[in-house]
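Trainee: Once you've had a glance at the structure underneath, I'll fire off some questions.
The values are calculated or read from the model by the stated rules, or taken from the named source; none is laboratory data. As the structure is a prediction and not an experimental result, all values here were calculated from the model. Cβ sites come from the backbone with ideal geometry, for glycine too, and all protein chains shown count toward neighbours. For accessibility, only protein heavy atoms count, side chains too; no ligands or nucleic acids. Shrake-Rupley method; radii C 1.70, N 1.55, O 1.52, S 1.80 Å.
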Protein chains: 2
Amino acid sequence: MTRKAEAADMHYGELKTPDRLRRRASRLLSQVSTQSDRLMNEGLGRVDARKWHYAVLASLQEHGPGSQATLSRRTGIYRSDMVGVLNELAERDLVERVPDLDDRRRNVITITAQGRRHLRRLDKVLDDLHDELLAPLTAAERDQFVQLLTRLLDHHTQ
Amino acid sequence: MTRKAEAADMHYGELKTPDRLRRRASRLLSQVSTQSDRLMNEGLGRVDARKWHYAVLASLQEHGPGSQATLSRRTGIYRSDMVGVLNELAERDLVERVPDLDDRRRNVITITAQGRRHLRRLDKVLDDLHDELLAPLTAAERDQFVQLLTRLLDHHTQ
DNA sequence: GTACTAACGTTAGTCTCACTAACGTTTCTG
DNA sequence: CAGAAACGTTAGTGAGACTAACGTTAGTAC
C-alpha cells in the first residue's frame, strides 16, 4: 500500500453515516424531531415559555375552560405532568385554577386576559420558528409534508 | 337550555385537540417520532436490540472497524453514551473491542461474524417495522416523505 | 526536548419527555 | 348502599440528548 493510500485509508469512513442508517424514515424522523424541538424550545424559552404552555393555552382559547383531566385529553399531556404545567402557568397569571363547585374532585382552569395576550405572542413566535424549521421547503412542499405527517399520526392513533 | 343541549355542552371540547396545535409541523413531528420510536423499540426489543445497536453495527459493516470516537461521529451517538452501547454489544459477542497498538488512547472496534448475522436480522426486522410505520403511504409518498425529511435534516446540520 | 494543546475513553450528572403506580377524595353505577 | 371509576397529586422509571470533568496518550510549537 502506498503512503497516499494509507493516508486516505486513515480517514476513510471517519465521518460518514452509513446509507442504510441515513435513509431509514425512523432515524430521519427522530433527528428532525430533535432539531425541531431544540428550535422551538430555544425560541419559546426566550419568551419564558415552553411547548406545553402553548398547548394548554391554545386549548383553553379554542375550546374554553376545562378540568385538568379535560386539558390532558385535549393536549395529549399526561395528567401527572399537567399539574406542573398549570403551576407554571398560574404562577405567571396566565391561567386561573379554581375548585369546581359542581364536582369537588375537579379544578376549573380558565385562561386570563394576560394569558390570551401571551398566547398571541407565542403564536407569532411559533410562526417564525416554523418558517425557520421548514425553510428549505416550498409552500406546496410544506403542505405536503404536514399532510403526510397527519396521515401517519392519524393511522397510528386510530 | 334543554336537557339535550346541556348534555352536549358537557362534552363540548372534551377530547378535541385545538387546530392550531394539530397543524403545527413541530407537534406533528414530535408525535409521529414518538410513535415511530415506540414501534422500533418494541420491535427491536423482541430480538434483544435497540436502535443504537443497529446504528453501530451498520456503521461497522458499511465503513469498517474504527475507534469509539469514530463510531460516535459516524452514528451521531455521543461518545459518553457509546461506552454503554459497546458494552452491551461486546457482552453479546457482536463486536470486539481491543486496544489500538498504534495509538494507545484508542480502542479498535470490529464487528464479529455473529454481529454480521445479527445485523442481517435487524435489517429485516426494521424493514417490516417501517412497512408498518409507513403503511398509510404509497411507495411514491414514502419516497417523497424521506426526501423531505432528508432535506430538512441536511439544512439544519449544514 | 519540553511545554501546550488536543483527542481519547470513561464516569457522572442534567434536562425533557413519555409513561406507570399509587394515594386519598369525590362521584357515578348497579 | 357497595363497588367501580374519575379526579388531582406525588413519586418514580427509562430512554435520549447533551455537558463537565478526569487521567491518559499523542501531536504541535517553540
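Trainee: How much accessible area is lost when chains B and A come together, counting both sides, with a 1.4 Å probe, in Å² rounded to the nearest 100?
Mentor: That pair of chains buries around 6000 Å² in total.
Trainee: Another one. Apply the Karplus curve 6.51 cos²θ - 1.76 cosθ + 1.60, θ = phi - 60°, to the phi angles in region A:69-81 and return the couplings in whole Hz, x for Gly and Pro.
Mentor: The phi angles translate into 5, 4, 4, 4, 5, 6, 9, x, 7, 5, 5, 6, 7 Hz.
Trainee: Where Rh is the Kirkwood radius over the Cα pairs of region B:34-156, the temperature 25 °C and the viscosity 0.890 mPa s, what D in µm²/s does Stokes-Einstein return?
Mentor: After rounding, the answer is 156 µm²/s.
Trainee: Find out how many positive minus negative residues lie around A:Gln61, taking Lys and Arg as positive, Asp and Glu as negative, among other residues whose Cβ is under 9 Å from that of A:Gln61.
Mentor: After counting each charged neighbour, the total is +1.
Trainee: May I ask for the net charge around B:Leu152, where only other residues with Cβ less than 14 Å from the Cβ of B:Leu152 are counted and Lys, Arg are +1 while Asp, Glu are -1?
Mentor: 0
Trainee: Which length gain, in nm to one decimal place, applies between A:Asp131 and A:Asn87 when the Cα-Cα distance is subtracted from 0.36 nm times their residue separation?
Mentor: Length difference between fully extended and current span is 12.8 nm.
Trainee: Mean-square fluctuation check for chain B, GNM, Cα pairs under 10 Å: which of B:Arg22, B:Arg142, B:Arg117 is largest?
Mentor: With Cα springs under 10 Å in chain B, the top fluctuation among B:Arg22, B:Arg142, B:Arg117 is at B:Arg22.
Trainee: For region A:145-158, just list the computed ³J(HN,Hα) in residue order, Karplus coefficients 6.51, -1.76 and 1.60, θ = phi - 60°, integers in Hz, with x standing in for Gly and Pro.
Mentor: Using θ = phi - 60°, the values come out as 4, 4, 5, 5, 4, 4, 5, 5, 5, 4, 4, 8, 10, 6 Hz.
Trainee: Related question: Check which residues have an amide H placed less than 5 Å from A:Arg23's amide H, if you skip close sequence neighbours.
Mentor: none
Trainee: Can you list residues from other chains, or at least 5 along the same chain, whose modelled amide H is less than 5 Å from the amide H of B:Val108?
Mentor: B:Val98, B:Asp100
Trainee: Taking all pairs of distinct Cα atoms, average 1/r, flip it, and tell me the Kirkwood hydrodynamic radius of the protein assembly as shown in Å to one decimal place.
Mentor: Mean inverse Cα-Cα distance, inverted, gives 22.4 Å.
Trainee: Oh, and also: Would you please give the FRET efficiency between B:Arg121 and A:Arg120, computed as 1/(1 + (r/R0)^6) with r the Cβ-Cβ distance and R0 = 45 Å, to the nearest 0.05?
Mentor: That pair, B:Arg121 with A:Arg120, gives E of 0.30.
Trainee: So, one more: So what's the angle, to the nearest 10 degrees on a 0 to 90 scale, between helix A:25-45 and the longest Cα principal axis of chain A?
Mentor: 50 degrees
Trainee: Test of understanding: in a Gaussian network model of chain B with alpha carbons linked when under 10 Å, which of B:Asp93, B:Asp143, B:Asp48 would top the mean-square fluctuation ranking?
Mentor: B:Asp143
Trainee: Tell me the net charge near A:Thr112. Cut-off is 15 Å between Cβ atoms, A:Thr112 excluded, with +1 for each Lys or Arg and -1 for each Asp or Glu.
Mentor: So the surrounding residues net to +2.
Trainee: Now for a separate question. Using a 1.4 Å probe on the protein chains only, how many percent of the accessible area of region B:34-156 belongs to carbon and sulfur?
Mentor: Result for region B:34-156: 46 percent of the exposed heavy-atom area is carbon or sulfur.
Trainee: Which residue is it, in chain A, that holds its beta carbon closest to the axis of the A-onto-B rotation, and how many whole angstrom away?
Mentor: A:Ser33, 2
Trainee: What list of ³J(HN,Hα) couplings, whole Hz, do you get for region B:110-123 from phi and the Karplus terms 6.51, -1.76, 1.60, once you set θ to phi - 60° and write x for glycine and proline?
Mentor: Here the 3J(HN,Hα) series is 10, 7, 8, 4, 5, x, 5, 4, 4, 4, 4, 5, 4, 4 Hz.
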